[in-house]
Amino acid sequence: MMKLLGVVVLSCLMVSFNSFADPAENGQVHKTDSGELRAWDNNQQKWLSLDAFWESYASSQGGLTWGKRVDYPPYEKVKEHDTMIIQLDQGPCLMEFFHSRWRRANDVRRWDDAFNEYAGCPYVFD
């Protein structure tokens, strides 16, 4: 009986430990004590600013296809999954061309909903 109890306790401890090994899902956002938003990046295995998270994602996909810009590129030259950071007065937003139109990358990738409220993202379709 004691041996069985030991196995159960050890199993519980292993489950608890494993839950700390991966602190978050890719793209999960949390606010630091100082109020800064940070996103978990599975590629780098660390918390990054939202802008750095976008840069890391784009880099993992071969880089920003259309760079950082204030306007959209010519439609006929854009390909599925092309990326760019659109620069608005309110701030930047990572965009991805998906299913024949530009979308916020978060709408394609389904990271944390906080991305859609960050910087220029709430305004890209105004």
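If you wrap a convex hull around the alpha carbons of region 25-126, what volume per residue comes out, as a whole number of Å³?
About 95 Å³ per residue, rounded to a whole number.
Quickly work out the residue 80-to-residue 113 label distance, labels modelled 7 Å from Cα along the C-beta direction, and quote it in nm with one decimal.
Simple spin-label model gives 3.0 nm for this pair.
Using DSSP to define loop residues, name the GluC sites (Glu not before Pro) in region 49-126 whose beta-carbon has at most 14 other beta-carbon atoms within 10 Å.
Listed in order of number, the matching sites are 80.
DSSP loop (so not H, G, I, E, B), at most 15 other Cβ within 10 Å: list which chymotrypsin sites (Phe, Trp or Tyr not before Pro) in region 49-126 pass both filters.
Passing sites in region 49-126 are 125.
For labels at residue 34 and residue 71 in the simple 7 Å Cα→Cβ model, what's the distance in nm?
The two pseudo-label positions are separated by 3.8 nm.
Coordinate-derived values only; no laboratory data. Because the structure is predicted, anything quoted here is derived from the model rather than measured. Every residue, glycine among them, receives a Cβ derived from its backbone with ideal geometry; neighbour counts consider all protein chains shown.
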